[in-house]
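A short write-up of the structure that comes next.
The values are calculated or read from the model by the stated rules, or taken from the named source; none is laboratory data. All values reported here derive from a predicted model rather than from experimental measurement. Note: ideal-geometry Cβ built from the backbone for every residue, glycine included; neighbour counts use all protein chains shown.
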There are 4 protein chains.
Amino acid sequence: MGLTVGVDIGGTKIAIGVVDVDGTIVAQDRLETPATEPGLITDAVARAVAGLKERHEIEAVGVGAAGFVDAARRTVLFAPNIEWEDERIADELERRTDLPVVVENDANAAAWGEFRFGAGADVDDLLLVTVGTGIGGGIVQAGQLNRGANGVAAEIGHLRVVPAGIKCGCGQYGCWEQYGSGRALVRQAQDRIQAGMKEVAALSALVDGDPSRITGPLITEEARRGDPLAIDLIADVGRWLGEGIASLVAVLDPSVVAVGGGVAKAGDLLLDPARAAFWRTLPAALNRPQAAIRRATLGNDAGMIGAADLARSHA
Amino acid sequence: MGLTVGVDIGGTKIAIGVVDVDGTIVAQDRLETPATEPGLITDAVARAVAGLKERHEIEAVGVGAAGFVDAARRTVLFAPNIEWEDERIADELERRTDLPVVVENDANAAAWGEFRFGAGADVDDLLLVTVGTGIGGGIVQAGQLNRGANGVAAEIGHLRVVPAGIKCGCGQYGCWEQYGSGRALVRQAQDRIQAGMKEVAALSALVDGDPSRITGPLITEEARRGDPLAIDLIADVGRWLGEGIASLVAVLDPSVVAVGGGVAKAGDLLLDPARAAFWRTLPAALNRPQAAIRRATLGNDAGMIGAADLARSHA
Amino acid sequence: MGLTVGVDIGGTKIAIGVVDVDGTIVAQDRLETPATEPGLITDAVARAVAGLKERHEIEAVGVGAAGFVDAARRTVLFAPNIEWEDERIADELERRTDLPVVVENDANAAAWGEFRFGAGADVDDLLLVTVGTGIGGGIVQAGQLNRGANGVAAEIGHLRVVPAGIKCGCGQYGCWEQYGSGRALVRQAQDRIQAGMKEVAALSALVDGDPSRITGPLITEEARRGDPLAIDLIADVGRWLGEGIASLVAVLDPSVVAVGGGVAKAGDLLLDPARAAFWRTLPAALNRPQAAIRRATLGNDAGMIGAADLARSHA
Amino acid sequence: MGLTVGVDIGGTKIAIGVVDVDGTIVAQDRLETPATEPGLITDAVARAVAGLKERHEIEAVGVGAAGFVDAARRTVLFAPNIEWEDERIADELERRTDLPVVVENDANAAAWGEFRFGAGADVDDLLLVTVGTGIGGGIVQAGQLNRGANGVAAEIGHLRVVPAGIKCGCGQYGCWEQYGSGRALVRQAQDRIQAGMKEVAALSALVDGDPSRITGPLITEEARRGDPLAIDLIADVGRWLGEGIASLVAVLDPSVVAVGGGVAKAGDLLLDPARAAFWRTLPAALNRPQAAIRRATLGNDAGMIGAADLARSHA
């Protein structure tokens, strides 16, 4: 079987790529997301796919989208960032492109991509932990994507790690993503600047003392330069990550936990503390086979590549 | 296909049953577990199966055992209560009984039993939470038992629910089973008796003021009689249960969560507070399809029935 | 000795009263706080005192003000709600009124008032816990107001009760006042309304489904009518209160803990759960003499009466 | 005024010293504690005092003892380690020695010693935190020992720092002394050895792999040699210490927090992380005057010296 198209619809960008059976991107396109008018998104995707179809022999289309996707993998029931409600994407795209279409949650698509061609290519059981502003994830077990009964499995960022903890955007308290994410990293840095602690001087200078200008990449960069505070802030997020992973490994028993997302660009500054915390807090660590914590390898393309491959399996 | 035998090897008892395709127990046997000499267990099981085989047309044997079972489902790698290490149960039993044998973790077997013939018979995705002295569990997803990469998935009792919390037998701190189990129920009752609080009078009288004689069933009985303290103690365990289930549902997205084990005999005294806590702490509760929390229906036979059925699927 | 004036400067109102040696208010006045221009406050107070002085034989003036007061009790160093910085209130008022003036933190003044004429009149050691939007307090030990080395003792609302807990306005996480205050009560009610739980129907109807209109008094009123949810919400705040009081009693060993502030108007709906939680969580409860948890008795006048009496002790 | 005797009755040793007005020990004696027969303790102390009285002009005796001491400071109501119940020590010793006697809780006596002649000699408000197996303490405010209404104030080791946390010997959960003490230090080291983590090799070798032989001094020694794990374990205890001190400073507002006890011998290995955690978690740190965290200076003699001085103030 030949080429398929993978589409990753994010809040601000849409990534579209022609992907071969080995997960290699043969051609790609990138569009702004016309987020205000939902219908325009399908329209834009349809046109882009049509363009690619002229130049490549495409057999199917896979779409990854943030939100809850129905069990038949054809309709987005609810999306947090786009005004979609029961948006019948597959029907519409099939009509417009004359190709079979499958829709999947974007984090699931990324997990599938890493499983097939990335950090989990050598195993059957993978947990992908995507650490960006929040924490997302996807689960592959026994070579199958674990979608859950309703397609909303792997909302791992909302594992409660602190009872009565920090309030989360989801309405709950103490969710993992309030402690082990980019948002937590930035918040902790801002706290230190506001508290006027002396060790924050270098970081504070980078933003002219304005805590609101702190970003995750800036902290990572500063840590790479050797700033002990920045290193410590990233390590603290890593510690929370590793502790949460220990709970998830007790439940899911994967062979590999791949850590992706923007914050994972900090590399071992994040992953070494995560691994240490993982081993320290894994139940019965001595008596159970070990899961490896690895950095995800496909970067931002994981969702697109995974969606393309899901279209292939499905077609 | 006809009859299979299910064997559930516990720390003190071995339950053996002939089970038909509908999960009905046609005949059964119960033995003491000769725990001190591991070889004797296989011996006893082999003889019992041989006896049943004379009277029934048996096609396969399924064994559920506490412990880590290898990926091929033939060998117990490690067991907490029996001195087994790499015990090749399947090989030995096949040689002795001349029947195909499959081995499975006992909690997994119970989950499979509930999925096939019990609380999850109407769905494809089930989480079984077994609340006894500790908390165990099993996961069925998309109609498949989720064994994990190493057969040790679903160690849900060791989800960490309180950072730096109560020390657990597994070596970690704050594990779920320190809060939502029979052990927690008894410990809380003992604390109240030792603190000499007046509302504990009725419960204390039942054990002549000796906290060490408190048991879970005794508290449940007392709660059924309307003792507000006993009701409150069970509700508190239910609250922790429901909060942990909320985290697990965010990760696994099952259709049904079945609650079994000895403590579940408290029924709605336990499950109503669990359900309330579940809904109160489920992330994005309004935007996600709902999982039902039900009581498991097969009781102590779940493991035996499940093991028998796994042998059938396997044969 | 005769009459003194007590002044309680709040963020929106100034209460001024002529108080006799028994703590009885002989005459009183209430002004708006001209908060935008700090100088105007002293001006307004001076004029009001002058007016009272014409009709009463006044010997001294005591001023209670929110904020940090210097060790000499003459200057407000910093105030959270008024733009004061090193405001020399005593000097200015003495010059304008020709009376000796003493300044005290308002919560300390209220604790002193309750100690001299209210809930602690029969003991030597009192802890006042003021439960309003946040939690404030004052400590009297061995008959002396415990101001601390810098006049900022008794910031009990910022005792950390949950590590990595809810973010507090003070910049920290997990402060007691995020759990045991009016703010917590309202937040919990809003959470329930937003989660659309059915038991919230009555409460929600009172505010036409608009969570932002929920107030503490409204919840209390609803609880008095017997609404189980409202009763439960207040009990939950009471539980956190009692648990925090247990920690404070271990540190301070008072005879009486008086609970005042707006939320205390819920009476035993709040205090019974607080007492139960207190006894359940008090360390070594059986081996230590017991502190009584009582409702404060002077209401909003505690600060004014306390300030007047402090002026008397000082003069 | 001249010399007084200070007596510090511990679980295994009794320290007795003749102390002058400057807190200097002029002569001293050390006895085994005859703990099994309570009467023998008073007997031994009386004989030792009589001996010292022959050689020194002694004016009074101060006794520090672990336990709850009555308000008149003459009787030990209850002691955790000695079988005393309403033991009238002052009466008995006065009869036997013909000297005025005052009894005080040993931690209070130590706080008084540090306040008069040690780490708090330059301030009026001191909090002593004694970090040994558990955590004890004493509070001096405005130059007065704060005994509480019942003489049981400053049980700071039982401040709850983790809700539903580690079970404490006092019957409660999550007490500070389960995290910031020598017991916590040893427990964490044992956990690491049992978990077989590789970085524990050096520490493990010191005790031939036997976790039960780990002690606090051994960890400190190993940390001084530069072992990163030992340094980390002490820092972790220091972090919990500093976070608890932040809560206590919010309540008590001392000028100085002195840290004593056996674990404080780790010096800045403990205190630097404690100070960092203190500043990071102190509420409104920028707007409040600062408390200094210092090491206590009188070591094991603090209780004896303090008791001697309390006898002087009292005589």
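Worth pointing out:
- Among the residues making up the stretch A:20-29, those that are surrounded by fewer than 17 Cβ atoms within 10 Å (Cβ to Cβ) and out of contact with any strand residue (DSSP E or B) (no Cβ under 6 Å at 6 or more places or on another chain) are A:Val21, A:Asp22, A:Thr24.
- C:Trp84 vs. criteria among the aromatic types (Phe, Trp, Tyr), closer than 30 Å to D:Ala149 by Cα and more than 9 Å from every other protein chain (Cβ to nearest Cβ): no
- Taking the stretch B:167-182 as the range and being hydrophobic (A, V, I, L, M, F, W, C) and surrounded by 23 or more Cβ atoms within 10 Å (Cβ to Cβ) as the test, the residues that pass are B:Cys175, B:Trp176.
- Taken over the stretch A:167-176, the criterion of being over 22 Å from C:Arg160 (Cβ atoms) and either touching a helix residue (DSSP H, G or I) at 6+ places or on another chain (Cβ under 7 Å) or within 7 Å of another protein chain (Cβ to nearest Cβ) (or both) is satisfied by A:Cys170, A:Gly171.
Condition check ((1) over 21 Å from the mean Cα position of the chain (by Cα); (2) surrounded by fewer than 20 Cβ atoms within 10 Å (Cβ to Cβ); (3) among the hydrophobic types (A, V, I, L, M, F, W, C)) across all residues:
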| position | (1), (2), (3) |
| --- | --- |
| A:Val18 | no, no, yes |
| A:Leu31 | no, yes, yes |
| A:Arg47 | yes, yes, no |
| A:Ala50 | yes, yes, yes |
| A:Glu54 | yes, yes, no |
| A:Gly62 | no, no, no |
| A:Ala65 | no, no, yes |
| A:Asp70 | no, yes, no |
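- Some residue of the stretch D:77-84 being acidic (Asp, Glu), surrounded by fewer than 14 Cβ atoms within 10 Å (Cβ to Cβ) and under 26 Å from D:Glu155 (Cβ atoms): yes
Each row is one residue, and each column tells you yes or no for (1) more than 8 Å from chain D (Cβ to nearest Cβ); (2) in contact with a helix residue (DSSP H, G or I) (Cβ under 6 Å, 6 or more places away or on another chain).
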| position | (1), (2) |
| --- | --- |
| C:Pro228 | yes, no |
| C:Glu243 | no, yes |
| C:Ser247 | no, no |
| C:Val257 | yes, yes |
| C:Ala264 | yes, no |
| C:Asp268 | yes, no |
| C:Gln290 | yes, no |
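- For the stretch A:110-166, a residue qualifies if it is of a type outside the set (Lys, Arg), part of a loop (DSSP other than H, G, I, E, B), over 20 Å from A:Pro289 (Cβ atoms) and within 9 Å of chain B (Cβ to nearest Cβ), and the qualifying residues are A:Gly148, A:Ala149, A:Asn150, A:Gly151, A:Val152, A:Ala153, A:Ala154, A:Glu155, A:Leu159, A:Val161, A:Val162, A:Pro163.
- Residue match in the stretch A:267-290 (condition: in the same structural domain as A:Val162 (by TED's automatic domain parsing), part of a strand (DSSP E or B) and either touching a strand residue (DSSP E or B) at 6+ places or on another chain (Cβ under 9 Å) or within 17 Å of B:Arg160 (Cα to Cα) (or both)): no
- Candidates A:Val123, A:Val161 - the one that is farther than 15 Å from A:Pro254 by Cβ and either out of contact with any Leu (no Cβ under 9 Å at 6 or more places or on another chain) or of a type in the set (S, T, N, Q) (or both): A:Val161
- Hits in the stretch A:177-201 (condition: within 9 Å of another protein chain (Cβ to nearest Cβ), at pLDDT 95 or above and in a helix (DSSP H, G or I)): A:Gln178, A:Arg187
- When restricted to residues that are among the hydrophobic types (A, V, I, L, M, F, W, C), part of a helix (DSSP H, G or I) and without any contact (Cβ under 8 Å) to a residue 24 or more places away in the chain, the stretch C:20-57 contains 1.
- Test: residue in the stretch A:200-218 that is touching a Leu at 6+ places or on another chain (Cβ under 7 Å) and charged (D, E, K, R): no
Okay, residues lined up against (1) acidic (Asp, Glu); (2) at negative phi; (3) surrounded by 24 or more Cβ atoms within 10 Å (Cβ to Cβ):
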{"site": "D:Asp106", "(1), (2), (3)": "yes, yes, yes"}
{"site": "D:Ala109", "(1), (2), (3)": "no, yes, yes"}
{"site": "D:Gly113", "(1), (2), (3)": "no, yes, yes"}
{"site": "D:Asp122", "(1), (2), (3)": "yes, yes, no"}
{"site": "D:Leu127", "(1), (2), (3)": "no, yes, yes"}
{"site": "D:Gly134", "(1), (2), (3)": "no, yes, no"}
{"site": "D:Gly138", "(1), (2), (3)": "no, yes, yes"}
{"site": "D:His158", "(1), (2), (3)": "no, yes, yes"}
{"site": "D:Val161", "(1), (2), (3)": "no, yes, yes"}
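- Scan of the stretch B:33-45 for residues that are at pLDDT 90 or above and surrounded by fewer than 16 Cβ atoms within 10 Å (Cβ to Cβ), ordered by number: B:Asp43
- Tallying residues that are within 25 Å of C:Gly303 (Cβ to Cβ) and in a helix (DSSP H, G or I) within the stretch C:248-266 yields 9.
- Some residue of the stretch C:230-246 being among the charged types (D, E, K, R) and part of a loop (DSSP other than H, G, I, E, B): no
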